[in-house]
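Novice: Shown below is the structure under consideration.
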Amino acid sequence: MARKPNSSAQTRKLVSAMLRQPRAWQYGYELSKQTELKSGTLYPLLIRLSDQGLLESKWQEPERPGKPPRHAYKLTSNGLAFARETVATDTASTARRELAGATT
Amino acid sequence: MNARASLVRRLALALIAHAADVLPPSRSPWGEAMKHELDHIDGDVEAVRWAAGCVIASYLERGGRKMDQSFGTMVRKPSAFLPLAMSLTALALLFGAYIFALATGQAGLERQQDEGAIAHLWQLLMAGQLPVLIFFAIKWLPRAPRQTLYVLALQAGAALAAMAPVYFLNL
């Protein structure tokens, strides 16, 4: 059976991290540190989410002088809805697991 | 920054440049994003780790985009159609020489001791396409193997068609 799109643990981790600061533009390296995802996993996810219209990106001037502009990312409204749904599903399944553990 | 650190940083820069090169042209902003991000990573070892991951990401991305190259777009690349055109020109030369021979009352094409201009042109066209063909194979086989093999088969067919009259008519 084909896996549901965007259902991987890494995708859930990334959108959950972005949902913590839904209005902030975030950078690849910082997202990598927050999620503990390596760049080899992070960029394919960012590209896929961007292709699906769940993520927007823009170039931002650097905070430190002499450094190049940075590509920054933010969830779109569809991305936010998807992230909220993902987090809610995760919370519900964790609660179910805890309940099952308590009753056995 | 000591010499060892700068060597590690150079390695990171080389890796990130490769990551950007590997990505398909439609993904070039992502390659730039990876490159620029590297300049914001202070630790050299961390930079290498980041760059190595980006190389993997680029190859993954390129792998997923391989099918974007259709046969039609492949065959329109200069290094694909040039050998085809050279083979077809060589074949047309032989055909033209054959028609000319018939028009001037000869029985057809015959092998000559002193190879004429047509023979030299044919040889130049056939030999000249080899480097182009090799360049095409080296450049496109890793990026779009299936489509490249189709084009190579077509090029081989055209070259054989140009060589067939020489072989069968013993020219």
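Novice: Pairs A:LYS38/A:LYS74; A:LYS58/B:LYS35; A:LYS33/B:LYS35; A:LYS74/B:LYS35; A:LYS13/A:LYS67; A:LYS38/B:LYS139: which are spaced more than 21 Å apart, C-alpha to C-alpha?
Specialist: In this structure, A:LYS13/A:LYS67; A:LYS38/B:LYS139 lie more than 21 Å apart at Cα.
Novice: Run through segment A:20-78 and list the chymotrypsin sites (Phe, Trp or Tyr not before Pro) located in a DSSP loop whose Cβ has at most 16 other Cβ atoms within 10 Å.
Specialist: Listed in order of number, the matching sites are A:TRP25.
Novice: Right, something else. For chain A, which whole-number percentage of the solvent-accessible area (1.4 Å probe, protein heavy atoms only) is attributable to carbon and sulfur atoms?
Specialist: That share works out to 53 percent.
Novice: Looking only at A:SER16, A:SER93, A:SER57, which one moves most when chain A is put into a Gaussian network model with springs between Cα atoms under 10 Å?
Specialist: A:SER93
Novice: So, one more: Can you tell me the length gained on complete extension of the stretch B:LEU13 to B:LEU171, counting 0.36 nm per residue apart and subtracting the Cα distance?
Specialist: Full extension from B:LEU13 to B:LEU171 adds 51.2 nm.
Novice: With a probe of 1.4 Å, find how much accessible area segment B:9-166 has per residue, and write the answer as a whole number in Å².
Specialist: Each residue of segment B:9-166 exposes 54 Å² on average to a 1.4 Å probe.
Novice: State, to one decimal in nm, how far the label point of B:PHE135 lies from the label point of A:SER77, with both points 7 Å from Cα in the Cβ direction.
Specialist: 5.1
Novice: Let me ask something else about it. Could you give each residue of segment B:48-63 its phi-based ³J(HN,Hα) in whole Hz, using Karplus coefficients 6.51, -1.76, 1.60 with θ = phi - 60°, and x for Gly or Pro?
Specialist: Calculated HN-Hα couplings, in order: 5, 4, 4, 5, 4, x, 5, 4, 4, 4, 5, 5, 4, 5, 5, x Hz.
Novice: Right, next: Dipole of the protein assembly as shown, Cα-centred, from +1 at each Lys and Arg C-beta and -1 at each Asp and Glu C-beta, to the nearest 20 debye?
Specialist: Charge dipole of the protein assembly as shown: 980 debye, to the nearest 20.
Novice: Next up: Would you please give the FRET efficiency between B:LEU60 and A:ALA88, computed as 1/(1 + (r/R0)^6) with r the Cβ-Cβ distance and R0 = 22 Å, to the nearest 0.05?
Specialist: The pair B:LEU60/A:ALA88 has a calculated efficiency of 0.15.
Novice: Using the Cα centre of the protein assembly as shown as origin and beta-carbon charges of +1 (Lys, Arg) and -1 (Asp, Glu), tell me which of B:LEU84, B:TRP140, B:GLN129 is placed farthest towards the positive end of the dipole.
Specialist: Working it through, the farthest residue towards the positive pole turns out to be B:TRP140.
Novice: Could you tell me the relative contact order of chain B? Use alpha-carbon pairs under 8 Å, at least six residues apart, and round to a whole percent.
Specialist: Result for chain B is 24 percent.
The values are calculated or read from the model by the stated rules, or taken from the named source; none is laboratory data. Computed from a predicted model, the values in this text were never measured in an experiment. Neighbour counts are summed over all protein chains in view; Cβ atoms, including those assigned to glycine, are modelled from backbone coordinates with ideal geometry. We work out accessible area using only protein heavy atoms, side chains counted, and drop any ligands, DNA or RNA first. Shrake-Rupley method; radii C 1.70, N 1.55, O 1.52, S 1.80 Å.
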